[in-house]
1. Relative to the present Cα-Cα distance, how much length would full extension add between Arg165 and Glu244 at 0.36 nm per residue of separation?
2. Which of rounded, prolate, oblate describes the range 122-185, given a ≥ b ≥ c as roots of the alpha-carbon gyration tensor eigenvalues and a/c under 1.5 marking rounded, otherwise prolate only if a/b is larger than b/c?
3. Evaluate the distance, in nm, between pseudo-label points positioned 7 Å from the Cα of Ser148 and of Arg29 along their respective Cα→Cβ axes.
4. Determine, from the Cβ-Cβ distance of Glu102 and Leu215 and an R0 of 35 Å, the FRET efficiency 1/(1 + (r/R0)^6), rounded to the nearest 0.05.
5. For the range 98-157, just say rounded, prolate or oblate: build the C-alpha gyration tensor, square-root its eigenvalues into a ≥ b ≥ c, call rounded for a/c under 1.5, and beyond that prolate if a/b exceeds b/c, oblate if not.
Amino acid sequence: LGPRIRPPRELRRLERAMAPALIELQPERLSWAPDQAAPPDGSDATWVEAFEVCRGLSGPICEEKFRYSVTHYGETAVGDAFGPLGLDSMLSFCRGVAAQVERSPGGVIVYMSDDSESARTNVAFLLGAYLVVELAWTADRVAETLGSDEATRTFPCSWGRRPSRNLTVKHCWQGCELALRQGWVDLSFLRSDEGTAHICAGWKNRLVAYDCAWLVPGFIMICADPVTTAVDPNPETFSSVFPEPSGGLTASTCFTAGEDASEAASPVHTPAASPKGSGAVAIVSPKSSLVSPCGAATPSGPRRLGFAVEPLSEPMQVADMTSDVLSTDTVCKDYRTSFAPPTPKAGGGPLDFVTFLRESGVATIVRTNYHGESGMPKAGSYDSQEMERHGMKHHDILVEDFHGGLPQKKDV
């Protein structure tokens with residue numbers, strides 16, 4: 001009678017059953033081959049390399065290969081860290097996998113050509129994020145499906161030669177689940193390549209221009225002390241903390257700490273309230289360690305610094321990786337000296353910091369870093385009274401930034 005002809009669906013099931021260590025994530029649509037370094041011959045399914053899922057999509061979703069980095073810091077500061085990858089990489093991966101599944105009737109199998117620990121850990125995070133964000137899985141379900149070996153993989157922290165490994169892949173999945181449950185991610189943007197590119201570009205632009213990001217969109221923003229960004233020579237960053245009518249805090253003008261800024265600056269005109277609301281809070285966080293090879297610094301009380309910061313005479317030094325500073329300590333910013341031509345923007349360069357905050361709906365600033373801690377420009381931080389004259393509520397809740405310093409309960 002001859003061999004039995006198997007229907008295509010049964011052939012696909014047989015193929016998946018015979019494949020090495022194939023984990024089915026969406027029946028007949030998506031699987032993961034964690035131990036397969038290359039696609040086999042004669043497969044009906046579409047095999048996609050994990051870090052190439054965005055290839056062929058329209059719009060500039062992934063302009064470069066998935067790579068871990070810390071914006072405004074050099075590779076030396078990253079140390080042994082390799083992830084987790086940023087929000088733009090995660091959202092781009094989710095969109096890329098969804099698009100591949102949509103256009104592949106034979107199903108998609110994700111594989112890895114790189115078998116390194118860093119690649120395996122990041123792919124485990126990204127695949128789990130896709131299942132949480134796109135399919136509304138819980139982190140527990142993802143861990144059960146991918147296995148405890150993937151869920152318990154850990155990421156070393158940045159800034160350390162002997163970094164601790166407290167952050168697990170499952171923690172990252174739980175973060176995605178929380179963000180989804182709280183409505184912090186607008187999933188409508190992920191329904192198209194252009195929408196994904198738009199939301200990723202907005203996130204990246206805020207990081208590059210202002211060294212900030214929304215922790216809770218529309219309510220809590222976290223950022224570096226603005227003076228450390230204002231003196232960054234990168235043309236993509238802002239250069240003035242305050243609006244120009246006040247003689248804005250820039251990297252090109254300087255008043256010493258003892259000068260009376262009111263005698264040197266033009267009158268201040270408080271802008272009208274932001275039309276986007278007044279409930280958001282910006283948390284200005286430490287960007288340098290109090291205990292750091294960059295130079296010893298002791299906590300000091302608030303002091304009036306005038307309207308400007310002194311320009312850097314030389315690039316700030318990155319913390320010595322051979323020191324005993326823990327991996328959760330932050331370090332002096334490592335400013336680069338050469339840049340690609342800035343991307344043209346309508347209306348010129350970035351807005352000053354205060355105007356940016358107001359247009360983002362921020363009305364209150366909480367500063368957690370000391371004025372004179374290591375890594376700050378010589379003149380220290382900005383003048384909080386000047387912030388208040390521009391209509392911002394301001395609070396100093398200072399956190400000693402060493403050994404992974406965190407706010408006390410009373411501060412929170």
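FYI, it's all coordinate maths here, none of it is from the lab. Bear in mind the structure is a predicted one, so any value in this text is a computation, not a measurement. In this analysis, Cβ positions are derived from the backbone assuming ideal geometry, glycine residues included, and neighbour counts consider all displayed protein chains.
1. Details: separation 79, 0.36 × 79 = 28.44 nm, distance 4.51 nm.
Length gained, Arg165 through Glu244: 23.9 nm.
2. Values: a/c = 2.65, a/b = 1.56, b/c = 1.70.
Since a/c reaches 1.5 but b/c is at least a/b, the shape of the range 122-185 is classed as oblate.
3. With each label point 7 Å from Cα toward Cβ, the separation is 3.0 nm.
4. Efficiency, rounded to the nearest 0.05: 0.65.
5. Working: a/c = 2.22, a/b = 1.34, b/c = 1.66.
It is oblate, given that a/c is not under 1.5 and a/b is not larger than b/c.
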